[in-house]
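Chemist: Handing you this structure, nothing more for now.
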Ligand code: G3P
Ligand code: CA
């Protein structure tokens with residue numbers, strides 16, 4: 001079923017050194033963290049961490065991805081009332097924290113209406129399972145340090161950047177301060193993506209060396225325009241076809257390498273195999289182990 005052969009390896013595209021943890025760095029009592037990338041196989045990215053098994057966008061979710069053996073994780077970055085960048089998908093705190101209990105009079109509980117100190121008080125794990133009670137909403141700085149500690153790599157998403165003016169510059173500053181904009185990271189451990197083309201363009205302008213991704217499925221005729229500022233077109237798996245993937249691969253991105261496609265959110269084996277057969281470069285999934293197992297069968 002899994003037929004893609006001899007395609008350019010993801011390892012080559014992303015920088016092979018970034019994909020496999022040197023064994024000298026692995027603690028003796030922990031599993032070696034490696035990507036599932038094999039020649040011609042898509043990179044598997046844990047969406048909001050291994051969010052099928054642990055509360056999304058928490059330390060627990062990226063630790064779980066690591067425990068399962070996955071290097072690449074994805075996140076969502078937003079800004080608090082007092083200007084701290086935090087890891088949160090929704091623009092309200094309601095779904096993934098206990099904010100309604102802690103701050104009952106503060107509907108609609110927007111991230112942008114709470115200070116970092118207030119958000120620090122919230123439980124971001126109990127909604128998922130009592131087992132994860134006490135998980136916090138990480139600040140971006142805390143999160144980057146944790147990803148570093150785990151020797152993981154990151155697909156970093158600016159979420160709703162239109163409501164946070166200047167967030168790209170601020171996010172890049174935190175990445176620089178946490179060591180994520182040095183050559184080793186930029187060459188193979190980091191992609192910055194957004195649904196906002198303007199935001200991706202801003203990132204590309206501020207740091208042309210950073211790999212970028214546009215979230216969406218532009219018309220094939222428009223792909224060449226996107227390829228001027230985005231290295232990846234990251235589309236929903238239901239919106240793509242072999243023809244679309246081929247159209248992407250026919251182009252070169254801003255770094256003069258083949259334009260790539262990471263597809264999301266693929267949480268079952270058959271759709272993972274379907275996407276892999278189309279030739280996608282990456283699969284973003286809540287259940288990375290499910291995707292890995294499906295692709296290994298091919
Ligand atoms: O990385 C792809 C995916 O995260 C985009 O959608 O809404 O889950 O952030 P969303
Ligand atoms: Ca996301």
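The values are calculated or read from the model by the stated rules, or taken from the named source; none is laboratory data. Please read all numbers here as calculations on a predicted model, not as lab measurements. Virtual Cβ from ideal backbone geometry, glycine too; neighbours counted across all protein chains shown.
Chemist: If you go through the range 80-103 one residue at a time, do you hit one that is more than 16 Å from ligand 1 (Cβ to nearest atom), in contact with a strand residue (DSSP E or B) (Cβ under 8 Å, 6 or more places away or on another chain) and closer than 30 Å to residue 233 by Cβ?
Modeler: Within the range 80-103, none of the residues are more than 16 Å from ligand 1 (Cβ to nearest atom), in contact with a strand residue (DSSP E or B) (Cβ under 8 Å, 6 or more places away or on another chain) and closer than 30 Å to residue 233 by Cβ.
Chemist: Is it true that some residue in the range 170-184 is modelled with pLDDT of 95 or more, within 17 Å of the chain's Cα centre (by Cα) and more than 23 Å from residue 51 (Cβ to Cβ)?
Modeler: Checked against the condition, which is being modelled with pLDDT of 95 or more, within 17 Å of the chain's Cα centre (by Cα) and more than 23 Å from residue 51 (Cβ to Cβ), the range 170-184 yields at least one hit.
Chemist: One residue is enough: does the range 196-205 have a residue meeting the conditions in a helix (DSSP H, G or I) and within 15 Å of the chain's Cα centre (by Cα)?
Modeler: yes
A quick yes/no check of all residues on (1) in contact (Cβ under 8 Å) with a residue 24 or more places away in the chain; (2) under 20 Å from the mean Cα position of the chain (by Cα); (3) surrounded by fewer than 18 Cβ atoms within 10 Å (Cβ to Cβ):
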site	(1), (2), (3)
243	no, no, yes
251	yes, no, yes
257	yes, no, yes
273	yes, no, no
277	yes, no, yes
281	yes, yes, no
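Chemist: Would you check if residue 197 is touching a helix residue (DSSP H, G or I) at 6+ places or on another chain (Cβ under 8 Å) and either more than 22 Å from residue 149 (Cβ to Cβ) or surrounded by fewer than 16 Cβ atoms within 10 Å (Cβ to Cβ) (or both)?
Modeler: Yes, satisfied.
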